Amino acid sequence: MSCKRIRDIQQRLKKQVIEIRVLRKWIPLVKKNEVVQKTNELCYLFVDVHGDAIEASADADEVEYYDSIIKLSSCYRVTGFICTNRRPYMSTVNHEASLIIGKKAQFDPIPGLDIPTVYFNFATYEQLNDRVKDNKILTDYIGRVESNYLRPTTKNIVPRKTMLQDQWQKSVEIILWPQMQHLYGDEVKEGDIIAITSAAVTNHEGLMQLESTYLTTVVINPDLPQTASHVERLKKMESIPKSDTVDITLNVNQLNPKNLLGNKRMIRCKCYAKITKIFEQRGWYYAQCSKCTNKLYPEEDESLTFSCKDHDDIDPKLKYSLNVLIADNTGTEEVVFFDEGMTALIKKTCQDLVFKKRCIDPKILPQEIRDITKDDNDMLFLLTVKNKQIVVDNVLKINESSKNVGTSSQSENEDLPPQTPNPKVNAVKRPLHDTPGI
């Protein structure tokens, strides 16, 4: 019986034969009630001589049996499988079908010298928007590095953010969560080429992002037949201008938005300083209507209700907005805290202070906010300078920043694969076989 091309496999086809290489093996994870659990599936990624790929699944309870007949990187002539529909979640390939493997499946070893040893199916920038709407399919992407840095979130998680440009200089940001930061670190520099696989596509305020998953792999500066044309085009791009989003460390005297921005739309920077003054008269929060963008007004009877001039039955959106003065030994500068920065600093949401603490008047500061001027120690401010304004994205006390910034979080999950030495060599990061954790 002749072999079937993987691309031609359809659901419910019977008695097919394929010749493949086994590229990856894993057990999918799902989150139930905020707890990450393994499924009962044992999954494989197969690729054929044409470079097409398909997923296959077996019973995870029989992992010892399948390990005895299916070896990673080996090539087989496979018969006795069932063709079915694609897995409904986190599929690594954009194929409408997948394979089910049981005890009647036969794996006969073959040389397979011409079958690829890696698989990529790079999406274009234009395809990313559809992946946001349907994140059942994970995404492969390739681009040239524009910037690479760590940036803490309001929850003091420290993801690595890497800005890529494709060959048309469209920007996409990789979000490498702490559990996957063994894939690469600060050694990746501007101008390097990154090929990333199995990422989840999101859209943050118009910026396309590729978030790492437990299946993500990375190749730095790939030198592979499957990537050669992409790498050549990326290297021929005009020099990437210095990013307007790269973190730099400045003193307070250098934080003048007019002098700092020049012709750039935005700059992200770090600054060590302390808060010396709060502009209390400008208020500390505002309320926005859930049905429009109108400002809301608290009722005079202190009933914790808010009114919109256009709508009734609203759900108020309460957000911090606080102007303060920061200072170091070089000078002072006014900065503004919005939700992200203030929540990171005082560890309480605006909603909590208004509804739980009953701090209703926007012109009377809650004690938690008054206390931010009492700390005599410098803090690390992560700032965004744009539109003649300096916005605080996050604040870390010095002991927190030295503890969190620039550290890999691999220790959070000892079952993750060990760090691969020197990720700038031309090698594919080893697959995350049966890797727990997202």
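No value in this document is a laboratory result; all are computed from the given coordinates. Owing to the predicted nature of the structure, the values given are computational and were not obtained by experimental measurement. Cβ atoms come from the backbone with ideal geometry, glycine included; neighbour counts cover every protein chain shown.
Brief remarks on what is shown
- Contour minus Cα-Cα distance for Q254 and S73 (0.36 nm per residue): 59.7 nm
- Reachable lysines from K25, criterion Cα separation under 20 angstrom, eight or more residues apart if same chain: K38, K71, K103, K104, K136, K429
- Test item: Cα-centred dipole of the chain, Lys/Arg +1 and Asp/Glu -1 on Cβ, debye: 640 debye
- Listed by chain and number, the lysines placed with their C-alpha closer than 26 angstrom to that of K264 are K161, K170, K189, K235, K236, K242, K386, K388; residues fewer than eight positions away on the same chain are left out.
- Between D393 and L382, L383, T384, the built amide H atoms are under 5 Å apart, and every one of these is 5 or more places off in sequence or on another chain.
- Rel. contact order, % - alpha carbon contacts under 8 angstrom, at least six apart, the chain: 14 percent
- The chain: translational diffusion in µm²/s, Stokes-Einstein, Kirkwood Rh over Cα pairs, 37 °C, 0.692 mPa s: 132 µm²/s
- The packing ranking, built from the mean of other Cβ atoms within 10 Å per residue, places the peptides 171-181, 85-95, 105-115 in the order 171-181, 85-95, 105-115, highest first.
- Given charges at beta-carbon only (K, R positive; D, E negative), |dipole| of the range 248-400 in Debye: 680 debye
- Cross-link partners of K374 among lysines (Cα-Cα below 19 Å; sequence separation of 8 or more within a chain): K274, K277, K347, K348, K397
- Dipole magnitude (debye, nearest 20) for the range 125-241, charges at Cβ of Lys, Arg, Asp, Glu: 200 debye
- Look at the dipole of the range 248-400 built from charges on Cβ: of C350, I390, F279, the Cα furthest out on the positive end belongs to I390.
- Positive-end residue of V336, Q106, P225, charge dipole of the chain with Cβ unit charges: P225
- Between the range 168-207 and the range 86-159, the alpha-carbon centres lie 14 Å apart.
- 3J(HN,Hα) couplings calculated from phi for the range 362-370 with the Karplus curve 6.51 cos²θ - 1.76 cosθ + 1.60 (θ = phi - 60°) are, in sequence order, x, 9, 10, 6, x, 4, 4, 7, 4 Hz; Gly and Pro show x.
- For R24, the residues whose modelled amide H falls within less than 5 Å of its own, excluding neighbours fewer than 5 places apart on the same chain, are L45.
- Positive-end residue, the chain charge dipole about Cα centroid, Cβ charges, pick of N203, V47, V145: V47
- Karplus-derived 3J(HN,Hα) values for the range 266-275, using 6.51 cos²θ - 1.76 cosθ + 1.60 with θ = phi - 60°, are 7, 9, 9, 8, 10, 8, 9, 7, 10, 8 Hz; glycine and proline are entered as x.
- Most fluctuating residue given options V78, V63, V385, as computed from a GNM of the chain linking Cα atoms under 10 Å: V63
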